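Peer 1: There's a structure below that I have some questions on.
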Amino acid sequence: MTIDKSAIRNAATVIVLRDRTTTPAILMGQRGAKAAFMPNKFVFPGGALDVGDHDVPLADGLPEPCFNRLDDDAEPGLQHGLAAAAIRELWEETGLILGQPGEWPGPVPADWQTYAATGHVPAACTLQFVFRALTPPGRPRRFDARFFLVDAGHVSGDLDDFTHASDELSHLQWIPLTEARSFDLPFITEVVLAEIEGRVTDPAPPPSVPYFKNNDEASLFLRLRGQPMPEHD
């Protein structure tokens, strides 16, 4: 089957924040020189949503504000898929585990075998949806990316052990937030960094989520607020 590389793909990106009350740092790595999308740039772990991510069991789902804001023009089940994709990409690209100890309630998908072998089931309850960005037209790849912030204290294992990481990102490192802008970053990463800087001292969900929407007509900077969950008797 031929993949339409010009099609917009849903994607999830994870910003892991460490030592937020003392010397805050974020986890980043460098994309390869031959990468079709953002070569050589320092980025957060992340990638496109896989079809199987919709069916991955979650020990805990996304928190309510996060879930609601992801509902903006989303197809059914996208929130679950994005949460699973975020956790999978974090594991694949860094070897860090976001989940809860436990056994999978059924067969483990092929691309989750190594994660499941750690004795964890993915959990999304600590993810905080903080940014959305749509890649501008004309790029070799286009993504509708949702950025999730998570405190490093919710990650299992040694935060400095990247031995289980794939080779998709090199030079994985914890970069002090005050030094991040000195690296070779994509424009959108710089925009997201400004948002993260404002979230360091306030762990509560933001009142709204920025959406940098680039389409054929214009580049728009919107705010996603979401709707309250319906009450049940």
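The values are calculated or read from the model by the stated rules, or taken from the named source; none is laboratory data. Computed from a predicted structure; not experimentally measured. All Cβ positions, even for glycine, are placed from backbone atoms using ideal geometry, and neighbour counts span all protein chains on display.
Peer 1: Within segment 118-134, can one find any residue that is modelled with pLDDT under 90, closer than 18 Å to M38 by Cα, in contact with an Asp or Glu (Cβ under 6 Å, 6 or more places away or on another chain) and of a type outside the set (V, I, T)?
Peer 2: no
Peer 1: Then there's this: Within segment 30-124, which helices (runs of 4 or more DSSP H) (wholly inside it) include 1 or more residues that are surrounded by 21 or more Cβ atoms within 10 Å (Cβ to Cβ) and touching a residue at least 40 places away in the same chain (Cβ under 8 Å)?
Peer 2: 64-69, 78-94
Peer 1: Is it true that Q173 is more than 30 Å from D72 (Cα to Cα) and modelled with pLDDT of 95 or more?
Peer 2: In short, yes.
Yes/no per residue for (1) closer than 23 Å to R31 by Cα; (2) in contact with a helix residue (DSSP H, G or I) (Cβ under 9 Å, 6 or more places away or on another chain):
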site: E93; (1), (2): yes, no
site: L96; (1), (2): yes, yes
site: T118; (1), (2): no, yes
site: A123; (1), (2): no, yes
site: G153; (1), (2): no, no
site: D160; (1), (2): yes, no
site: H171; (1), (2): yes, no
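Peer 1: Just to be sure, is R181 modelled with pLDDT of 90 or more, surrounded by fewer than 14 Cβ atoms within 10 Å (Cβ to Cβ) and farther than 14 Å from L17 by Cβ?
Peer 2: Details: modelled with pLDDT of 90 or more: yes; surrounded by fewer than 14 Cβ atoms within 10 Å (Cβ to Cβ): yes; farther than 14 Å from L17 by Cβ: yes.
It is true that R181 is modelled with pLDDT of 90 or more, surrounded by fewer than 14 Cβ atoms within 10 Å (Cβ to Cβ) and farther than 14 Å from L17 by Cβ.
Peer 1: Which strands (runs of 3 or more DSSP E) does segment 134-233 wholly contain that include 1 or more residues that are within 19 Å of the chain's Cα centre (by Cα) and closer than 21 Å to P65 by Cβ?
Peer 2: Strands (runs of 3 or more DSSP E) meeting the threshold: 142-151, 209-214, 219-224.
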